[in-house]
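Beneath this line is the structure, given in structure tokens, with notes to follow.
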Amino acid sequence: MTTAPAARKQRRDVVLLRPVPGQAVMHDLWAGSKLLIVAAIGVLLTFYPGWVPIGAVALLVVAAARLAHIPRGVLPTVPRWLWFLLALGALTATFAGGSPVISVGSVDIGLGGLLNFLRITALSFVLLGLGAMVSWTTNVAEIAPAVAKLGRPLRPLRIPVDDWAVTVALALRAFPMLIDEFRVLYAARQLRPKDVDASRRGRRRRWASELVDLLAAATTVALRRADEMGDAITARGGAGQISAAPTGPKRRDWVTFAIVAAVCGAALALELTVAGTSGIRR
């Protein structure tokens, strides 16, 4: 007989900057193509954050997830307090009123604020999904050569493109590694016996002391990891080798560009014509 805690589903943490294993079409795309597509979609949603562009980008994200064979297990567990905050935000946004207006008995309720809140929330989820797709289908080692190639037109201006590419690559490599180290430190800290302080002032001092200890341990771990990474880079030929790999778009990248441009162009046309006309009529 299983107990209630054992029957609960295990909480899934956020998994980023680690590609999902596989050799699907999305995995084979050039990293620079993914960065350009994300940048273009970001510009589109910045200037035209309507329901039609948001829906079109969401459709692209879902289609990309299906093509990349992304399992549901990589999706993080949404905490309950986040749903509570979203519900509270939706409730408070409803008080802003605005068109359209519905009548409930003798009370008129404006749904304009609620619709704006839902649109911004949907936009946030779509952008998070877009970034997650790039993270789940792109190897970190491919980022630096892609950034170096995309920044090649800036080299005549004496801009250190290669140094920027190496910095981005090292940051992306170190981020998940440091997260794991911090989790281990926090778990080890939780296992230590805690002193029971009767006074509130004593508890505050203990919390401040634990915070200082954690920050000192995290700094030590980060410096040790940085030293090990520096030795590994030196042994493999220096930092210049990180961005020196030959890379570039291929035929499948141009096909992807065409599909994304067609979908985004159609969404923009609908937003400016059908959705824009309906908004003016209201």
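The values are calculated or read from the model by the stated rules, or taken from the named source; none is laboratory data. In this text, all values refer to a predicted model and were calculated from it rather than measured experimentally. With ideal geometry, Cβ positions are generated from the backbone for all residues, glycine too; neighbour counts draw on all protein chains shown.
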Number of the condition not met by residue 275 [criteria: (1) at pLDDT 80 or above; (2) surrounded by 14 or more Cβ atoms within 10 Å (Cβ to Cβ); (3) small (Gly, Ala, Ser); (4) within 22 Å of residue 40 (Cα to Cα)]: (1)
If we keep only residues of region 20-38 that are touching a Pro at 6+ places or on another chain (Cβ under 8 Å) and assigned to a helix (DSSP H, G or I), then the residue nearest to residue 148 (Cα to Cα) is 32
Would you pick out the residues in region 86-107 that are over 21 Å from residue 122 (Cβ atoms) and exposed (fewer than 10 other Cβ atoms within 10 Å of the Cβ)? 103, 104, 105, 106, 107
On the given criteria, is residue 147 under 29 Å from residue 218 (Cα atoms) and modelled with pLDDT of 80 or more? no
Whether any residue in region 226-236 is at pLDDT 80 or above and under 27 Å from the mean Cα position of the chain (by Cα) is what I want to check. no
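Going by the structure shown, is residue 138 among the β-branched types (Val, Ile, Thr), under 20 Å from the mean Cα position of the chain (by Cα) and within 29 Å of residue 170 (Cβ to Cβ)?
For residue 138, the condition - among the β-branched types (Val, Ile, Thr), under 20 Å from the mean Cα position of the chain (by Cα) and within 29 Å of residue 170 (Cβ to Cβ) - is met.
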Tell me, which residue of region 150-175 that is closer than 23 Å to residue 68 by Cβ and modelled with pLDDT under 85 is surrounded by the fewest Cβ atoms within 10 Å (Cβ to Cβ)? 175
Within the group 112, 55, 50, which residue is of a type outside the set (Val, Ile, Thr) and either within 29 Å of residue 168 (Cβ to Cβ) or without any contact (Cβ under 8 Å) to a residue 60 or more places away in the chain (or both)? 112
Against the condition closer than 15 Å to residue 35 by Cβ and either modelled with pLDDT under 85 or not assigned by TED's automatic domain parsing to the domain that holds residue 219 (or both), how does residue 141 come out, does it pass? yes
Report every pair of residues separated by at least 6 positions or lying on different chains whose Cβ atoms are under 8 Å apart, first residue within region 251-268 and in contact (Cβ under 8 Å) with a residue 40 or more places away in the chain, second among the polar types (S, T, N, Q). 253/33; 256/33; 257/33
Would it be correct to say that residue 134 is of a type in the set (A, V, I, L, M) and in the same structural domain as residue 21 (by TED's automatic domain parsing)? yes
Filtered residue count, region 50-67, keeping only those that are buried (at least 16 other Cβ atoms within 10 Å of the Cβ) and not aliphatic (A, V, I, L, M): 3
